[in-house]
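Heads up, the thing below is written out as C-alpha cells.
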Amino acid sequence: MALVRILVDGFSLLHNWPELAPGKPRHSAAARHELIRILTRYHDATGTPITIFFDGSGAPPNVPKNESTASVEVLFSKAGQTADEMIERAAYRFQPYGEVLAVTDDNAERDTVIALGGMASSCLSFISAVESALGELADDLKRYNRTEHNRFRQSR
C-alpha cells in the first residue's frame with residue numbers, strides 16, 4: 001500500500017530537534033513555525049501530505065486560521081483531547097486509502113498505529129529522513145541550476 005499521509009506529534013518532534021529554532025522554548029510559536037516551515041520543505045521534496053498535531057486546548061490565541069496549507073495541515077487538540085487521540089483517529093480514518101506514517105516517541109502510540117495497519121517512526125529516525133531528503137533536494141537544485149546556467153551560456 002502507498003503512504004498517504006505522515007502524522008506528526010508536533011511537540012514530541014520539537015523536543016527531539018533542538019537544532020530547530022535554537023534558543024527558543026520548545027512550546028513557543030517560533031519553534032512551531034520553524035517546524036511547519038521545515039516540514040513544508042520536506043513535503044516539497046517527497047510529495048507526501050503531512051498533518052502536525054499539537055497538544056493543547058485548541059489553537060493558542062492569535063494563531064492565524066490559515067496556518068494549514070494544502071501540503072501541511074496543522075491541528076490543535078481541544079480541551080479533554082490529546083494529540084495522540086487525534087493521531088489514532090486519523091490513522092483509523094486513512095486505512096481505506098493506504099498507509100500512514102506516525103512520527104512520535106510514544107511507544108504505545110506507535111504500537112496503536114501499527115495495529116491499525118500504519119507505520120511508525122521514532123522522532124530521531126524521522127529527523128534523519130527529513131535532513132537527508134532536504135540535502136538531496138538542495139543537491140538536485142544545485143545540479144539543475146548549474147545545467148541551466150551552462151545551457152544559457154552556450155546559447156549566447
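Throughout, read-outs are computed from the coordinates displayed, never taken from laboratory work. Treat the numbers as computed from the prediction; the structure is a model and nothing was measured. When we count neighbours, we look across all protein chains shown, and the Cβ atoms used for this are built from the backbone with ideal geometry, even at glycine.
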Checklist outcome for this item: the chain: spread of alpha-carbon positions along the three principal axes, whole Å, largest first, is 66, 38, 27
Checklist entry - Which ³J(HN,Hα) values, rounded to whole Hz and listed in residue order, are derived for segment 34-41 from phi using the Karplus coefficients 6.51, -1.76 and 1.60 in 6.51 cos²θ - 1.76 cosθ + 1.60 with θ = phi - 60°, glycine and proline given as x? => result 5, 4, 4, 5, 5, 6, 5, 5
Next on the checklist: Ranking request for peptides 99-105, 43-49: highest mean number of other beta-carbon atoms within 10 Å first, then the rest in descending order.
Outcome noted: 99-105, 43-49
Item to check | Helix-only mean residue ellipticity at 222 nm for the chain, each DSSP H run of n ≥ 4 adding -39500 (n - 2.57), per residue, nearest 500 | outcome: -16500 deg cm²/dmol
Checklist outcome for this item: Taking every other residue with Cβ under 9 Å from the Cβ of L137 and scoring Lys and Arg +1, Asp and Glu -1, one gets -3
Checklist entry - What is the local net charge at R32, summed over the other residues whose Cβ is closer than 14 Å to its Cβ (Lys, Arg +1; Asp, Glu -1)? => result -2
Checklist outcome for this item: Taking placed amide H atoms and a strict 5 Å upper bound, the residues 5 or more places from V74 or on another chain that come that close are I52, S68, T69
Item to check | Angle in degrees between helix 83-94 and the longest Cα principal axis of the chain, rounded to the nearest 10 | outcome: 70
Checklist entry - Hull surface divided by four, with the convex hull built on the Cα atoms of segment 76-153: how many nm²? => result 7.6
